[in-house]
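Report on the following structure.
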Amino acid sequence: MNIKDLVKYDFKQSMIDRWIEQGVEILQPIQAKAIQRHRLFEGNNLMISAPTSSGKTFIGELTAVHNALHGKKSIYLVPAKALAEEKFLSFKGFYGDFGLEIVISTRDRKEYDEAIFNGDFDIAIIVFEKFFQLLNSAEAVISKISLVVVDELQLIADVNRGMNLELLLTKLKLVRGDIQIIGLSAVIGNSRILPEWLSADLLLEHRRPVELRMGYVSEGIYHYQTFNGGEQGTEEFIPGLNAGDKREIKVAVAGYLAENDEQSLVFFLYLLTLTRKNRIIIKRL
């Protein structure tokens, strides 16, 4: 599905042109499925369960923006303050140019709370627990919104934080059963329980649009396995990498990956073995 096709769903052409300028020309398969097969912009509840970098975050973003363009208010829930700040700056920097009012609310960011109470916003980015607090102190907030996007929905199973998220969603369902809920989750076991509880369609995707190789480096050799296909292999990766102190190893790995324009997640695990050698876990996209 071409990004230009979003004009059929009342997105502004100028907004589509901006996405194209940023390199978004073709929607990922999971995004096209959400729009075409699951009628994303028609108010249906939807839970998307997919690996990291599969494109599910943009689905929540598109839904909130589509809502705002039709004069409706959305809450975008995230699990952490840092993520809230990141989303706020990203959304405000991009969509503020198109007249959308973007606000944020966390434990440390309270300057927009009154605006949220009064409904003076288009998209509010809020941390889970802060939104739970806002609902308990001013239930009228619920009457002002028509969409709630829940990022990292799998945290509902977290022993420490899951209860508040479950209570929050329960309250939304009981007080306003017509609010659209979009849940964005990592791939989890028994993933059909949550969508049934939310009265939502399930969009499940196990494959990544960009292959990921995950493995470790030992004695200068990268041993890996691919995410989608499960194929295993090895390749040379900086001979003599295990020599030197921890800082030198980090600099060598970061420099090598940057020089080769690789998108990577690097985890350093310092294992105490009989040979006292370092093993480096690297995920390469």
### Query
Cβ-Cβ below 9 Å, separation at least six or inter-chain, first residue in region 116-137 and free of Cβ contacts under 8 Å to residues at least 24 places away in the same chain, second of a type in the set (Val, Ile, Thr): which pairs?
ASP120/VAL103
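Residues being modelled with pLDDT of 90 or more and either in contact with a Pro (Cβ under 6 Å, 6 or more places away or on another chain) or surrounded by 14 or more Cβ atoms within 10 Å (Cβ to Cβ) (or both): count how many of those fall in region 169-186.
Number satisfying all stated conditions: 8.
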### Message
Can you tell me which condition TYR95 does not meet? The list is (1) at pLDDT 95 or above; (2) closer than 21 Å to ASP201 by Cβ; (3) of a type outside the set (S, T, N, Q), and all the others hold.
### Response
(2)
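For region 3-16, give me each residue that is free of Cβ contacts under 8 Å to residues at least 40 places away in the same chain and exposed (fewer than 12 other Cβ atoms within 10 Å of the Cβ).
Of all residues in region 3-16, those free of Cβ contacts under 8 Å to residues at least 40 places away in the same chain come to 3-5, 7-8, 13, 16.
Matches in region 3-16: LYS8, GLN13.
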### Task
Inspect all residues belonging to region 141-164 and state whether any of them is in contact with a helix residue (DSSP H, G or I) (Cβ under 6 Å, 6 or more places away or on another chain), farther than 20 Å from ASN67 by Cβ, in the same structural domain as ILE75 (by TED's automatic domain parsing) and of a type in the set (Asp, Glu).
no
### Message
Kindly evaluate PHE121 against the criterion of being surrounded by 18 or more Cβ atoms within 10 Å (Cβ to Cβ) and assigned to a helix (DSSP H, G or I).
### Response
no
### Task
Quick one: count up the residues across region 39-63 that are under 19 Å from the mean Cα position of the chain (by Cα) and assigned to a loop (DSSP other than H, G, I, E, B).
7
### Task
State yes or no: is HIS66 outside any helix (DSSP H, G or I), surrounded by 14 or more Cβ atoms within 10 Å (Cβ to Cβ) and either more than 17 Å from the chain's Cα centre (by Cα) or free of Cβ contacts under 8 Å to residues at least 40 places away in the same chain (or both)?
no
### Task
Could you tell me which residue of region 213-254 is modelled with the highest pLDDT, considering only residues that are farther than 23 Å from ALA50 by Cα and of a type in the set (Ser, Thr, Tyr)?
THR234
### Task
Show the residue pairs that are 6+ apart or on different chains and have beta-carbon atoms under 8 Å apart, the first residue being within region 164-185 and β-branched (Val, Ile, Thr), the second being in a loop (DSSP other than H, G, I, E, B) and surrounded by fewer than 22 Cβ atoms within 10 Å (Cβ to Cβ).
ILE179/ILE145; ILE179/SER146; ILE181/ASN45; ILE181/ALA200; ILE182/ASN45
### Query
Is it the case that LEU77 is more than 21 Å from LYS12 (Cβ to Cβ), aliphatic (A, V, I, L, M) and assigned to a helix (DSSP H, G or I)?
no
### Summary
When THR275 is run through (1) at pLDDT 75 or above; (2) in a loop (DSSP other than H, G, I, E, B), the failure sits at (1)
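The values are calculated or read from the model by the stated rules, or taken from the named source; none is laboratory data. Since we're looking at a predicted model, the values are computed, not measured. We place every Cβ from the backbone using ideal geometry, glycine too, and count neighbours over all the protein chains shown.
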